[in-house]
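Asker: The structure follows.
A short reminder: the numbers here are calculations on the coordinates, not readings from a lab. Remember, it's a predicted structure, so these values are computed and weren't measured experimentally. Neighbour counts run over all protein chains shown; Cβ positions are idealised from the backbone, glycine included.
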Amino acid sequence: MKDIKITDPCYEEKARLLQLLSLVRDPELELNIVDLGLIYEIEIDKEKKLTEITMTLSTPACPAGDYIKGGVELMAKEACPGFEIRINLTFEPQWSADHISEAGRQELGW
Amino acid sequence: MEIAERHIPAKKTVLPYYLTAAACLVIISLMVLFTVKDFDGHFFQPHLLAITHLTVFGWGTMVILGASNQLMPVIADKKLYSERLPVAVFLLLVAGTCVLVHSFWNFELTWPIFVGAFLILTALVLHSINIFVTVKRSSVKNIIIDFIMTAHLWLIVTALIGITLLFNFRFGFLPVDHLHYLKVHASIGMAGWFLLLIIGVSARLVPMFLLSRKEVNIFLTIAYYLINAGLILFLIEGMILRTNSGYIWFISLIAGGILCYLFYIWQCYKSAIRKKMDSGMKTTFIAISSISIPGIIMMAYLLHSRGAPVSMITAYGYSFFGGFITTLIMGQTFKTLPFIVWMHLTKPDRLQELQPKDLYNEHLVMLQLGLYLPGFLFFLSGILIHSPYLMYPGCVMMIVASVIYCAHSVHVVFQLKNERYKNY
């Protein structure tokens, strides 16, 4: 996930959404999905009232995929009430452990 | 893109296997206690045959079949072909194992033992069909799937040799003595079924649990070909040529394959982001290291200048099943079972406060390991130096460990009925 620029017109909403998304944990890897690097992009269109999240899973057949996606949707609704939530699941680029953030690595004892 | 809730198999395809295997482990430990003296004699005798087959089918294979019903959809990215077959497989395997083990224990080589053997063979064939069709319908092709598929083929080969041996007991039609074929039967089962399957599954799970950044797949591929080459040559020699030579080459090929696998695991560990290992992974790594014990005993047996004591063969088999296989399963149970139960407890439309690690007790897993490992080493040393003073305390420690394991597994599964988690 690229850093959210402070000049971004939706900076506040995106930052809040990211904060809420970090409450969603991957049960297998025991780390929150933001530090895990599963969130690729967040787009918020205030005019269209649309929140679009592009994300991935650790593997295409991740058995916890449904739960993670559910958690993302739930958090997006809380961060952007009244907005349409669209979640795009992609496997390009494929997730690898290199996607894990510095904070995540520290939590995992790297 | 759709996500795979559809990949989660029903409880009935997995959990009965885990629970039955846990109960079998306790029964095996008790059987060992009552047959300690038998471990001091020749390995080819009724009680040891019964214990070995209960270990193989009731414990090792039972839990592996259940786990593979859960894991295959993840590995192949395809729903399990049939969810009814695993139920039939489970019932056939339980019934077949009970009859076979009872017959071996009393050494009654009459029609029931053949019925038991054919029930088990049917179960294994049905399970293999389910796995093969699941993989055939999947677009995922990789070396891990090759390991798993080939292991299933070796499982069927092992069972067929076993049934041939049973007929040979009754009708004595094989050209050389029974112990020769028993060696082939046991070795193909150990290296072909257990080893290949464990390598395949662990090659997927270990880097996933450790969050490894580097997977040296070429070493897995080399391991696959080396082990299979060794097994094919061993099978041809053992069943057709029967020259009783070349063992050093077959063993070297298989040992070379194991070394490649260990190198792969080492690279996974070295590049792992998660260095803090939980009890399940610690146990798994101890188990993987313990594969060296049967290897060392086998080499010592082969290098023995005069006739090696028969206790070395017993120790070799015991260290493979009691050490490597049992420790590995004990560790991986608490990596997989809580997660399986968690998936059935939680609902995707709620934020999950409950995590799989909340469903089991880390300290209990460490206690179980702390009791089992010295118990196993005591017992193994007792076999090698013919000392009941080491075997009995070892046995008691293993019984306590197996009771803890069984109760803990039941506790995890029964969280499904826990009212506290109903709202998750």
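Asker: Please build a GNM for chain B, connecting alpha carbons under 10 Å apart, and tell me which residue among B:N168, B:N130, B:N228 fluctuates the most.
Answerer: Evaluated over chain B, the most mobile residue of the options is B:N168.
Asker: I would also like to ask the following. Can you give me the distance in nm between label points at B:K282 and B:K136, each placed 7 Å from the Cα along the Cα-to-Cβ direction?
Answerer: 4.6
Asker: Give, rounded to the nearest 20 debye, the magnitude of the charge dipole that the protein assembly as shown has about its Cα centre when Lys and Arg contribute +1 at Cβ and Asp and Glu contribute -1 at Cβ.
Answerer: Result for the protein assembly as shown is approximately 760 debye, rounded to the nearest 20.
Asker: Given Cβ point charges of +1 (Lys, Arg) and -1 (Asp, Glu) and nothing else, what value in debye, to the nearest 20, does the dipole of region B:129-226 about its Cα centre take?
Answerer: 300
Asker: Considering chain B as a Gaussian network with a 10 Å cut-off on Cα pairs, which listed residue, B:K347, B:K335, B:K282, attains the greatest mean-square fluctuation?
Answerer: With Cα springs under 10 Å in chain B, the top fluctuation among B:K347, B:K335, B:K282 is at B:K347.
Asker: In Å³ and rounded to a whole number, note down the convex hull volume per residue for the Cα atoms of region B:165-245.
Answerer: 93
Asker: Restricting attention to region B:134-202, which trypsin sites (Lys or Arg not before Pro) occupy a DSSP loop and are surrounded by at most 10 other Cβ atoms within 10 Å?
Answerer: Loop-located and lightly packed - B:K141.
Asker: Between B:M190, B:I258, B:F334, whose Cα lies farthest towards the positive end of the dipole of the protein assembly as shown when Lys and Arg beta carbons carry +1 and Asp and Glu beta carbons carry -1, centred on the Cα centre?
Answerer: B:M190
Asker: So if each residue of separation counts as 0.36 nm, and I subtract the Cα-Cα distance between B:I236 and B:N106, what length gain in nm does that give?
Answerer: Fully extending the segment from B:I236 to B:N106 adds 43.5 nm.
Asker: For the charge dipole of the protein assembly as shown, defined by +1 on Lys and Arg C-beta atoms and -1 on Asp and Glu C-beta atoms about the Cα centroid, which residue among B:G96, B:L126, B:P374 has the Cα displaced farthest towards the positive pole?
Answerer: The one lying farthest along the dipole's positive direction is B:G96.
Asker: Compute the angle between helix A:65-79 and the longest alpha-carbon principal axis of chain A, please, reported from 0 to 90 degrees and rounded to the nearest 10.
Answerer: The angle comes out near 30 degrees.
Asker: For region A:9-100, which GluC sites (Glu not before Pro) pass both filters: DSSP loop (anything but H, G, I, E, B) and at most 14 other C-beta atoms within 10 Å?
Answerer: A:E47
Asker: Same structure again: If R₀ is 22 angstrom, what is the calculated FRET efficiency for the pair B:D40 and B:L179, using the beta carbon separation as r and rounding to 0.05?
Answerer: 0.75
Asker: Quick one, could you list the DSSP H helices from chain B stretching 20 Å or more along their long axis (Cα atoms) with average Kyte-Doolittle hydropathy of 0.0 or above?
Answerer: Going by DSSP H runs, the hits are B:15-34, B:62-76, B:85-106, B:111-136, B:143-171, B:196-210, B:217-236, B:247-270, B:326-345, B:362-385, B:388-413.
Asker: Which is the longest part of chain B that has none of the GluC sites (Glu not before Pro) sitting in a DSSP loop with at most 13 other Cβ atoms within 10 Å?
Answerer: Here the longest segment lacking exposed loop sites spans B:109-352.
Asker: Place a point 7 Å from Cα of B:F169 in the direction of its Cβ. Which residues in region B:29-53 have their backbone N less than 14 Å from it?
Answerer: It comes to B:44-53, nothing else.
Asker: A further question on this structure: Using +1 at the C-beta of Lys and Arg and -1 at the C-beta of Asp and Glu, which of B:H53, B:G116, B:I64 has the Cα lying farthest in the positive direction of the dipole of region B:12-123?
Answerer: B:I64
Asker: Here is a further query. Give me the log10 of I(q) over I(0) for chain A at q = 0.12 Å⁻¹, as the Debye formula computes it from C-alpha points; what are the numbers?
Answerer: -0.39
Asker: Let me ask another. Restrict the search to region B:1-103; then list the trypsin sites (Lys or Arg not before Pro) that DSSP places in a loop and that have at most 16 other Cβ atoms within 10 Å of their Cβ.
Answerer: Here the sparse-neighbourhood loop sites are B:R84.
Asker: Could I ask something else about it? Taking H as built 1.01 Å from N, whose amide H comes closer than 5 Å to the amide H of A:Y40, not counting residues under 5 places away?
Answerer: Residues meeting the amide H criterion: A:T54, A:M55, A:T56.
Asker: Could you count how many Lys pairs in region B:72-186 have their Cα atoms under 27 Å apart, skipping same-chain pairs fewer than 8 positions apart?
Answerer: Taking the Cα cut-off of 27 Å, the pair count is 4.
Asker: Now a separate question. For chain A, take the longest principal axis of its alpha carbons; what is the angle in degrees between that and the long axis of helix A:11-21, to the nearest 10 within 0 to 90?
Answerer: The answer is roughly 40 degrees.
Asker: Between B:V400 and B:I296, what length in nm is gained on full extension when 0.36 nm per residue of separation is reduced by their alpha carbon distance?
Answerer: Difference between extended and current length: 34.6 nm.
Asker: On to the next question. Counting each pair of different Cα atoms once, what's the Kirkwood radius of the protein assembly as shown in Å, rounded to one decimal?
Answerer: One over the average 1/r among Cα pairs gives 24.7 Å for the protein assembly as shown.
Asker: Roughly how compact is region B:1-87, stated as its Cα Rg over 2.2 N^0.38 Å to two decimals?
Answerer: 1.45
Asker: Magnitude of the Cβ-charge dipole of chain B, K/R +1 and D/E -1, about the Cα centre, nearest 20 debye?
Answerer: Rounded to the nearest 20 debye, it is 860 debye.
Asker: Hey, another quick one. Neighbour counts of other C-beta atoms within 10 Å: give me A:D3, A:D26, A:D45 arranged from fewest to most.
Answerer: A:D3, A:D45, A:D26
Asker: Okay, next question. How big is chain B in terms of Cα radius of gyration and Dmax, in angstroms?
Answerer: That works out to 21.0, 69 Å for Rg and Dmax.
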